[in-house]
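Colleague: Before I ask anything, let me first share the structure, which is written out below as structure tokens.
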Amino acid sequence: MYNITASMTKSAGSIVCGLIMMFIGSSASALLIDGMDGPFQSSGTTEVGAPISNVKGNSGTPIPNVLGGQRDTLLEQTAGNFMQTNFEINFDPGGTSTASPPPTSYYSHSNDSGVNGTMLFQYDGDDEATTPPDGGAISLNKTGLGGVDVTDGGLSTRFEFAVVSNDSANMMFTLTVYDMDMDEATVSTTIPTIGSNVQVQFSALETDNAAIDLDNVGAIEIEIATTDTAWDLTLDGIQTTGEPPEPVPTMTEWGIITLMLGLAGAAFIRVRRMNLAGATSIA
Ligand SMILES: [Ca+2]
Ligand SMILES: [Ca+2]
Ligand SMILES: [Ca+2]
């Protein structure tokens with residue numbers, strides 16, 4: 001038989017839990033920009049004055065774990081002719097995995113001795129042919145993402161870059177965000193040489209341009225560059241994340257919680273009495 005009193009106890013408990021969760025805030029949220037997964041993607045050998053663009057994903061076959069389904073890259077060697085600068089996505093450290101793609105994949109950039117090369121990642125939706133012309137630059141569609149909310153409903157507070165390894169003390173990330181009404185904001189930050197994540201706070205972008213609308217983003221660009229040669233860098237992904245604010249309940253809200261706790265307690269006592277009464281009658 002449906003036990004309405006027990007049901008009331010459960011419902012009251014659920015409401016109280018819900019109210020408490022609502023007032024203390026929910027768990028952290030995250031929006032993935034690039035998981036550095038998906039189909040293998042790499043550059044060929046390049047040299048100074050011959051940048052290599054490379055695109056993965058289009059409207060027919062968007063690649064997974066990439067905002068907008070397409071990753072546009074531009075690799076440009078800036079020093080050291082006849083030696084190689086290159087990158088791989090789906091890089092398998094140690095090359096030990098037989099799975100394809102490997103279970104843990106990364107973006108890895110390496111430069112030979114005496115070589116320097118810059119890297120540009122562009123997340124601007126499906127705007128490129130999958131096979132751009134050799135040496136051709138990638139184009140930027142500032143509204144290609146169509147108005148993505150990178151704050152994830154206000155829960156995220158920063159961009160975060162998962163750094164696996166970096167051997168250049170002068171490694172710089174430059175993040176540029178474009179919104180749908182043609183504002184843009186740029187922040188540069190140094191990447192530590194020890195393996196720790198790099199964070200770019202939304203507030204830093206808003207300081208650069210107060211008109212930037214992070215809840216209405218049209219494109220994102222990330223440039224990686226350093227003055228050093230022979231640098232190597234491995235990244236595991238790019239996302240937005242952040243702990244939500246934790247509002248303190250007002251006196252009225254505390255009153256509602258107290259009332260609901262009282263109702264739940266009363267219902268619990270009622271169920272206990274009914275159960276005890278039942279046990280007595282059986283005996
Ligand atoms: Ca694109
Ligand atoms: Ca593009
Ligand atoms: Ca704006």
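The values are calculated or read from the model by the stated rules, or taken from the named source; none is laboratory data. Just so you know, these numbers come straight off a predicted model, no measurement behind them. Note that each Cβ is placed from the backbone with ideal geometry, even for glycine, and that neighbours are counted across all protein chains shown.
Colleague: Is the range 178-194 home to any residue that is within 16 Å of ligand 3 (Cβ to nearest atom), within 16 Å of the chain's Cα centre (by Cα) and either crowded, with 17+ Cβ neighbours inside 10 Å or modelled with pLDDT under 90 (or both)?
Modeller: Within the range 178-194 (the criterion being within 16 Å of ligand 3 (Cβ to nearest atom), within 16 Å of the chain's Cα centre (by Cα) and either crowded, with 17+ Cβ neighbours inside 10 Å or modelled with pLDDT under 90 (or both)), the answer is no, since none of the residues qualifies.
Colleague: Evaluate the following for T131: is it at pLDDT below 95 and within 16 Å of ligand 2 (Cβ to nearest atom)?
Modeller: For T131, the condition - at pLDDT below 95 and within 16 Å of ligand 2 (Cβ to nearest atom) - is met.
Colleague: It is to be established whether one or more residues within the range 124-146 are touching a Lys or Arg at 6+ places or on another chain (Cβ under 8 Å), closer than 23 Å to A30 by Cβ, charged (D, E, K, R) and in the same structural domain as L233 (by TED's automatic domain parsing).
Modeller: yes
Colleague: A follow-up question, please. With respect to S156, is the statement that it is of a type in the set (S, T, Y), farther than 20 Å from D34 by Cβ and within 18 Å of the chain's Cα centre (by Cα) true?
Modeller: So S156 does not fit the description; no.
Colleague: Can you name every one of the strands (runs of 3 or more DSSP E) wholly within the range 112-194 that holds 2 or more residues which are within 14 Å of ligand 1 (Cβ to nearest atom)?
Modeller: In the range 112-194, the matching strands (runs of 3 or more DSSP E) lie at 116-123.
Colleague: Checking F40 against (1) surrounded by fewer than 16 Cβ atoms within 10 Å (Cβ to Cβ); (2) modelled with pLDDT of 85 or more, which test does it fail?
Modeller: F40 satisfies every listed condition except (2).
Colleague: Can you tell me how many residues within the range 165-177 are surrounded by fewer than 18 Cβ atoms within 10 Å (Cβ to Cβ) and closer than 18 Å to D34 by Cα?
Modeller: The qualifying residues number 2.
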